[in-house]
Amino acid sequence: MIELRFTSINQGVVSPLTLRFGDDGSVIPPVPIQNPTIGMMLTTSWRPERPMAAFIKTAWLANNDITQPVKLAWTAERATTKALQLPWQSPDITMQHVTLAWRYISLKQQQISSAWGDQPLRTQSTATSWAISPYQQQAWLVLWQHLPITASTKAPAWHYPALSQQQLAAIWRYDCEIALPKQTPWGPRPPSYLCSNRYRLQKSPIALRFVDPTEPASGAVTLRFNNDNNPIICELDSGGGLIRPLPDQPTIDTTKPITPPRRRSYIMQPELRCYRVSDNQEVNIISASFSINRSSWAATINLACGSRGDKDLLFAGGPQLFKLVINGFEFYGLAEQPSLDHQFGQTAWTVEARSSIAALASPHVAPRSYTNATAKGVAALITDELAGTSWTLDYQMTAFNVPAGAFSYQNKTKMEAIAKVVAAIGGMLYPDGETNTLIVRPRWPVVPWAMASATPDIAVHDDVILSYSTRPQVNPLFNKIFVRGEQQGVSCGIRRSGTAGDVIAPDVVDALITDNQAARMRGTAELADSGYKDAITITLPVMATLPPCLPGTLLGVTWQTDIYKATVDSLSLSAVRNSNGAITVRQNVGALRSYE
């Protein structure tokens, strides 16, 4: 920003004012050609009615005189107006030198008789207009007219030997290039990143509630009305036409619910691979299984290796982290227990493993005892257990404070302590090995009495359901529960909304019920577990439009004439390679359907 201060009055100055920095205004500097620009092109097109001239280049040697009368007579019609539009920019040619040297004998006889008439140019005008940065344009318009040649007679006769020498030398130099070639791209634009530091309105997840009036305060407030201090944020422009596709990079979870299309047949290319994370070394496996449920904090993985060497790759230097890829979906595990099964003519090497978060559990870490000496948030209790590891916390439940000394445990590992905290508030754990993120979310993300108006995360139908079975679970339906803490806890009665609260469940007592929010989350999970339910087992394929149904997912099911929603309680993936190399991939989903 430029700030101008006028300290004296100048007489006789009228508006507008012209500010000049370093020049008197007599010379206007040339404007440079800015990139990108459009290439300059010269195009000339014409078609004469009749040839106006003939050029003959002949070299020969003759001992005798050659006498040949030539008579040429032609007429030309009236010239029409021609308009040439020539856009270019070039300096004048600084030097042009042409040297011609030859020798010939003088003409013996030459007679030329010509008669013609001509008029001067009638009209000649020049119109030039241009615009600098980024386009340059220069147009000339020339009009002329002359009378046709009436007659021309030429009768030469000459004699000369062969040309002895002919030399043409042209030398020139330019101060700068006459033409600067440019290319104009045509077609869909390529992908690129669009970066800007313009301010973007942020949506804060924090809600501020002011309960006490504030006192007047004095001080300095800094207001910035520019984007200089804003971070530069880049967005990927996927290219294409004028209308941007939405979304730019389609993924399988851009729409909700994720619904596989209905087709007569599905073409898939199954994939089963395993890689050691340390050096991305591929491990040959024959089959793999992956199982997890809402009550466990780690998945159970079993691998059948193709050879002893492949099994040893997962235990070279100790238990190794590995990446299991099933139909494009990645799962991370920690190899823990190898085994050998030998029968006559057949040997099998298997590896038992758990999710990579198992590195924070027994037998990989020693147990310890702990008591919180200061008041902390419930998320801080979990973060303290993850301190010093490569894992981070994604806490998706309601936060509350835990007073000093309210949380303690004896002889537990890190993951056992974290599982105790999450279970006390009615939550579940899922480890994301790709990003090393431990996700804490409610055990019932959508409670049974709210499923009717909820949108499922994944919706399946009988075109993709390979097998379907149900088993009823009969439990009392409670609509109220008392949740209590211990020495520093609270006691709350949690009632299901819309009910009388007359059917009371057994009390729940836990040391971490130190806040009303903790009691509400735990009581909600207990009431959601009650009531009449169906345990449903569905076998599905795994493909791009049907990802694995992880625990806690709200699943929409269309089976024949029955349409309902259920909460996924467990997931079991299996991938088997037969002797012919064909791979079969299935996912068995266990879900709970609530009727009350």
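The values are calculated or read from the model by the stated rules, or taken from the named source; none is laboratory data. Computed from a predicted structure; not experimentally measured. Heavy atoms of the whole protein, side chains included, go into the accessibility calculation; ligands, DNA and RNA do not. Shrake-Rupley method; radii C 1.70, N 1.55, O 1.52, S 1.80 Å.
With the biggest extent put first, the Cα atoms of region 441-593 measure 64, 34, 25 Å across the principal axes. In region 299-420, the convex hull through the Cα atoms has an average projected area of 10.2 nm², a quarter of its surface area.
Computing Rg and the Kirkwood Rh from the Cα coordinates of region 506-596 gives a ratio, Rg/Rh, of 1.14. By the gyration tensor of its Cα atoms, with a ≥ b ≥ c the square roots of the eigenvalues, what is the shape of region 424-477: rounded for a/c under 1.5, prolate for a/b over b/c, or oblate? Verdict is oblate for region 424-477.
For region 276-381, the carbon plus sulfur part of the accessible surface works out to 51%, probe radius 1.4 Å.
Need the C-alpha centroid separation for region 299-325 versus region 396-440, integer Å. Between the Cα centre of region 299-325 and that of region 396-440, the gap is 29 Å. Of the three principal axes defined by the Cα atoms of region 533-586, the extents in descending order read 41, 24, 21 Å. For region 331-387, the Cα-based Rg and Dmax, in that order, read 18.7, 63 Å. Taking Arg294, Arg308 and ordering them by how much accessible surface each has at a 1.4 Å probe, largest first, produces Arg308, Arg294. When the listed pairs Lys376/Lys414; Lys376/Lys412; Lys414/Lys565; Lys323/Lys414; Lys420/Lys480 are checked against a 29 Å cut-off, the alpha-carbon distance exceeds it for Lys414/Lys565.
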